[in-house]
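The values are calculated or read from the model by the stated rules, or taken from the named source; none is laboratory data. Quick caveat, the model's predicted, so the values are computed rather than measured. As a convention, Cβ positions derive from the backbone with ideal geometry for all residues, glycine included, and neighbour counts pool all protein chains shown.
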Amino acid sequence: MTAAETSNLLTDNPALYEARFPDPDHIAARFVDDVLHAYLPRRLDPRRAQTAAVLDLGCGTGRDLGYLADQGYRCVGLDRSTVMVDYARRHYPGVSAALGDLRDFEVGERFDAVICLDSSLLYCHTDEELESCLRCCRAHLHDGGLLVAEMRNGAFFLGNKELLDGPTHSSVEWEGRIWQAETTLWIDHAAQLLRRRRNWHLPDSGEELVQTSAWRLLFPLELGGHLRRAGFEVRAMFDTPGPRAAGGWPPPSGCDGVARIGEGAMSGDRMHVIAQAI
């Protein structure tokens, strides 16, 4: 068996990515839609002549924006992957997708909301990168606009080791073949990063591909401070409910309860932030 380094098998193959992380009910996009209706009701009034505009940082395949476009939003997405951007353009015609780096970007217009899901914000590994990203977010928002972010919660790892106990194994069926992966997570304490090594066992060939990734571990108070310094007011920060949290989305009280979530215990493995540009 041979092993080769690869940038990211899933992001290099968008259809495989969507097969590995299916979202047939559009839970992530519905989360965004519900939050925007709860916190920006006047901007989403159907009587407005101008459609509310959303910018997605790390838009990936464009699936979430595709759903939002179908709900009437004007949708723009940025991603560093040429393959992902091309896929989004082909499969979601209501989405305007472009190459861009969330750590430093310029789109040339302002939006009602900037969204950053699936831990994309955590690719800002240093304070300088995070501060640059948040300044760019603020510059691209109308006053009163929202930044909606969903990510791993650094506070979860204070006393919790369940994700770090050892390798985990998963598989996905795609194009009639089974793709198997072994994933190992560990914490780089000095860099404040969660690192991942994933070994993909390719079907039929016996070959192995090795993918390495890393995410910043941000703590709730830490992120709140960065947001305030970038010109935001934190409207809500919670661990659950959420599209990838235990219990899922929407909350038990339904969409009408979104604006009452406020603060959570922040002990879960996901962190959701709703911040308003001031």
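Some observations on this one:
- In the stretch 147-192, residue surrounded by the fewest Cβ atoms within 10 Å (Cβ to Cβ) [restricted to those that are hydrophobic (A, V, I, L, M, F, W, C) and not in a strand (DSSP E or B)]: Ala190
- For Ala245: the one exception among (1) within 26 Å of Asn160 (Cα to Cα); (2) of a type in the set (A, V, I, L, M); (3) touching a residue at least 60 places away in the same chain (Cβ under 8 Å): (3)
- Any hit, the stretch 62-70, residues being more than 20 Å from Val35 (Cβ to Cβ) and in contact (Cβ under 8 Å) with a residue 40 or more places away in the chain: no
- Residues that are without any contact (Cβ under 8 Å) to a residue 24 or more places away in the chain and within 15 Å of the chain's Cα centre (by Cα) within the stretch 122-134 are absent altogether.
- Options Arg103, Arg135: the member that is more than 26 Å from His37 (Cα to Cα), at pLDDT 95 or above and not hydrophobic (A, V, I, L, M, F, W, C): Arg103
- Test for Trp215: is it among the aromatic types (Phe, Trp, Tyr) and modelled with pLDDT under 95: no
- Out of Trp186, Trp200, one residue alone is in contact with a helix residue (DSSP H, G or I) (Cβ under 8 Å, 6 or more places away or on another chain) and touching a residue at least 12 places away in the same chain (Cβ under 8 Å). It is Trp200.
- Of all residues in the stretch 36-74 being within 11 Å of Tyr92 (Cβ to Cβ) and assigned to a helix (DSSP H, G or I), the one that is nearest to the chain's Cα centre (by Cα): Asp64
- Residue within the stretch 11-18 that is β-branched (Val, Ile, Thr), within 15 Å of the chain's Cα centre (by Cα) and closer than 30 Å to Arg198 by Cβ present: yes
- Candidates Cys137, Cys116, filtered to the one that is surrounded by 23 or more Cβ atoms within 10 Å (Cβ to Cβ), under 16 Å from Gly242 (Cβ atoms) and touching a residue at least 12 places away in the same chain (Cβ under 8 Å): Cys116
- Evaluation of Gly60 against (1) under 21 Å from Trp200 (Cβ atoms); (2) touching an Asp or Glu at 6+ places or on another chain (Cβ under 8 Å); (3) surrounded by fewer than 21 Cβ atoms within 10 Å (Cβ to Cβ) (one fails), failing number: (3)
- Residue that is nearest to the chain's Cα centre (by Cα) [pool: residues in the stretch 184-209 that are more than 16 Å from Tyr123 (Cβ to Cβ) and small (Gly, Ala, Ser)]: Ala190
- Criterion violated by Glu18 - all others in (1) under 17 Å from Ala113 (Cβ atoms); (2) part of a helix (DSSP H, G or I); (3) out of contact with any strand residue (DSSP E or B) (no Cβ under 6 Å at 6 or more places or on another chain) satisfied: (1)
- If only residues of the stretch 207-255 that are outside any loop (DSSP other than H, G, I, E, B) and small (Gly, Ala, Ser) are counted, the one that is surrounded by the most Cβ atoms within 10 Å (Cβ to Cβ) is Ala236.
- Some residue of the stretch 76-93 being in contact (Cβ under 8 Å) with a residue 24 or more places away in the chain, among the polar types (S, T, N, Q) and in contact with a helix residue (DSSP H, G or I) (Cβ under 9 Å, 6 or more places away or on another chain): yes
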